[in-house]
Amino acid sequence: MAAVRRIPVILLIMLPVVLVGAAVVYYAVDIPYRADYSLQNDLLQLRQQNSAVHTARQLFTSHEGQPIFWTRLVFLVCLALNGTLSYYALTLTGFAFLIVLLALLYAAFRRAGLALAYFIPVPFWLFSLQSYETLLWSTAALQAYSQMAFVLATFYLLARNRHRERFIALVPAVLALFSGNSGLPALIAGLLILFRQQHWRSIMIWSVVLIGCLSFYGYSDQPATPLSPVPLIPLPERIESFFHSAGLFADLTGAIPGRETPSGLLVGLGIVLVLGTVYFLVRLAIKAFNRQTFPFWDDFFLASGLFLLMLFLSGIPAGTELPGTGLPGAGLPDQSRLYSAVLVSILYLYSVFRWRFFSLRRWEAIVVTLSTVVLSLLSSYWSMDGIVYQHRQTIVAYLNWLQLTPAGHQRAIRTVYVPTATPFVKRIARLTGPASLTIDASTQLDSLREEPDQYVFVQEGHVNPTPANPDNGAYILLTSLEHRYLFAAWPAKPNRVAPTASHPRYTPRQFYAQIPKEDLRQGRYRIGILTSEPDRASLAMTNQYLIFTPSDQQPEKDSAQPMAIK
């Protein structure tokens with residue numbers, strides 16, 4: 001009977017894993033996105049190396065000040081096994097590490113001797129479609145999820161406090177160190193645990209390995225790209241960012257139609273999380289000073305709590321000083337949400353473990369579980385448009401890359417990546433060719449506006465994508481004599497067009513498109529609307545033009561000057 005009663009609990013624990021996993025399997029595409037193109041170039045350079053020493057140095061070269069050895073290694077293994085890069089398989093590999101992360105937390109939870117029902121909130125915190133950019137982006141998924149899995153594996157093995165595990169823990173610790181900038185805080189937290197356990201021989205070995213890895217990295221590192229200057233952030237903003245990052249697990253922006261989660265709420269929740277973590281860390285410090293015995297969960301929470309607080313303090317999750325993934329344009333908010341979700345999971349489990357003898361904890365756990373399940377499912381449901389948009393954006397970014405990249409470099413890339421030419425991609429590529437510039441005007445955009453970092457287009461009366469048909473819907477074409485760009489549109493939300501509470505979540509025949517200025521080159525672009533439907537695609541051009549000049553080439557102008565759209 002006990003086993004039968006556990007079935008509904010197990011199904012509830014697996015629910016977010018299955019839902020998010022199904023979305024990744026359905027919407028992921030075998031196409032590179034953003035920093036994936038840089039990794040392709042890295043593989044080309046690796047193939048050109050004529051010695052093992054140069055190959056090793058190339059593997060360990062930092063990118064944007066961040067070591068990405070592990071990500072390059074996974075790409076290299078994929079290429080060796082498959083003969084070509086498979087971004088679909090790489091994305092699934094990244095998602096698999098998120099499952100490994102959940103498994104590590106479950107293994108730690110089982111050592112607390114608690115009923116299985118207390119574990120229900122944890123997968124709902126970790127698995128959410130609000131992280132759609134990271135979930136469908138192979139590099140970001142590998143970088144974020146694998147590194148966090150390595151870190152928790154290190155702490156789990158150290159907390160077991162056994163001679164063999166302490167040396168095995170060096171393997172995930174070193175992998176974490178060469179997977180990103182958050183590896184160093186993990187090693188520091190691990191050394192503190194060894195000091196607490198007073199294993200002096202292990203401390204010496206760990207210190208030698210740490211110094212050796214840092215020395216090797218300093219020797220082998222030849223930055224592939226120059227580091228961007230770090231802006232100085234005022235102290236009050238840094239403090240606010242610290243607490244905001246800690247509370248991002250509750251960011252339900254998109255879950256409430258037409259509204260965003262107030263920043264003050266996230267900061268307040270971050271303060272509660274940080275104060276709760278500090279409270280337990282201080283108690284553990286007093287316990288260590290009095291030379292009391294530490295069970296597994298004391299060491300595990302001590303290392304994890306210190307590590308996460310160091311991350312938030314350093315600004316790594318928010319990307320304020322050290323980019324969270326070390327790659328340009330990475331899903332930094334998504335990675336911050338992951339760190340915040342891990343923090344709230346560990347704090348919740350440790351609180352239940354410490355207060356397991358109090359009857360009140362059952363009701364508190366029930367409230368936490370119910371609220372977490374409801375809000376997580378609601379958030380994932382309303383994030384479906386985001387994951388559909390990410391799928392579409394990945395495809396159009398690849399089409400833009402084909403337009404802007406010299407033919408010689410494309411041929412070189414085909415030695416490491418052979419694209420999957422789907423009928424949809426072929427049809428869109430034909431319609432957006434050079435002839436599109438001379439097509440007669442047959443439509444007009446309803447709304448055009450310029451914002452500091454993007455242009456925003458809104459149009460009525462057009463088909464929109466659906467979860468079942470993500471490739472359908474409208475795309476914005478910008479075409480000139482020199483360049484052509486395609487941008488995916490998505491259904492207009494009320495807060496994007498008219499922020500009134502009476503509107504439904506979507507206006508089903510109205511689309512909204514964002515054109516980031518950083519993606520454009522200088523020029524005069526004619527605007528067109530490409531519409532894709534299940535059985536056909538069509539292109540309608542306007543007689544409206546966008547004249548874009550990069551900000552560093554623009555003269556000083558009054559803010560009241562109209563934007564350059566005609």
### Of the criteria (1) modelled with pLDDT of 55 or more; (2) touching a strand residue (DSSP E or B) at 6+ places or on another chain (Cβ under 9 Å); (3) open to solvent by 50 Å² or more (accessible area, probe 1.4 Å); (4) not basic (K, R), which one T542 fails
(3)
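Table: residues versus (1) at pLDDT below 80; (2) charged (D, E, K, R); (3) within 15 Å of I346 (Cα to Cα).
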position: R238; (1), (2), (3): yes, yes, no
position: G247; (1), (2), (3): no, no, yes
position: G258; (1), (2), (3): yes, no, no
position: T261; (1), (2), (3): yes, no, no
position: G264; (1), (2), (3): no, no, no
position: G270; (1), (2), (3): no, no, yes
position: V274; (1), (2), (3): no, no, yes
position: L281; (1), (2), (3): no, no, yes
position: R291; (1), (2), (3): yes, yes, no
### Task
Being on the phi > 0 side of the Ramachandran plot and modelled with pLDDT of 85 or more is the filter here, so list the residues in the range 295-349 that pass it.
none
### Message
Against the condition open to solvent by less than 40 Å² (accessible area, probe 1.4 Å), more than 27 Å from R72 (Cβ to Cβ) and not β-branched (V, I, T), how does Q454 come out, does it pass?
### Response
yes
### Query
When only residues in the range 431-445 that are touching a Leu at 6+ places or on another chain (Cβ under 9 Å) and surrounded by 14 or more Cβ atoms within 10 Å (Cβ to Cβ) count, which is nearest to Y398 (Cα to Cα)?
T432
### Residues being open to solvent by less than 10 Å² (accessible area, probe 1.4 Å) and under 13 Å from D299 (Cα atoms) - total across the range 183-214
4
### Task
Go through I120, I188, I203 for me and flag whichever is β-branched (V, I, T), more than 30 Å from W382 (Cβ to Cβ) and in contact with a Leu (Cβ under 6 Å, 6 or more places away or on another chain).
I203
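Condition check ((1) surrounded by 15 or more Cβ atoms within 10 Å (Cβ to Cβ); (2) modelled with pLDDT of 90 or more; (3) touching an Asp or Glu at 6+ places or on another chain (Cβ under 8 Å)) across all residues:
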site: F511; (1), (2), (3): yes, no, no
site: K517; (1), (2), (3): yes, no, yes
site: T531; (1), (2), (3): yes, no, no
site: S551; (1), (2), (3): no, no, no
site: P562; (1), (2), (3): no, no, no
### Task
State yes or no: is I428 open to solvent by less than 30 Å² (accessible area, probe 1.4 Å), aliphatic (A, V, I, L, M) and closer than 20 Å to S86 by Cβ?
no
### Query
Taking the condition touching a residue at least 60 places away in the same chain (Cβ under 8 Å), surrounded by 19 or more Cβ atoms within 10 Å (Cβ to Cβ), more than 28 Å from V418 (Cα to Cα) and of a type in the set (S, T, Y), does Y118 pass?
yes
### Filter result (closer than 17 Å to Q40 by Cα and basic (K, R)) within the range 387-421
R411, R414
### Task
Go through the range 396-414 and count every residue that is open to solvent by 60 Å² or more (accessible area, probe 1.4 Å) and within 15 Å of S86 (Cβ to Cβ).
1
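The values are calculated or read from the model by the stated rules, or taken from the named source; none is laboratory data. Remember, it's a predicted structure, so these values are computed and weren't measured experimentally. Neighbour counts run over all protein chains shown; Cβ positions are idealised from the backbone, glycine included. For accessibility, only protein heavy atoms count, side chains too; no ligands or nucleic acids. Shrake-Rupley method; radii C 1.70, N 1.55, O 1.52, S 1.80 Å.
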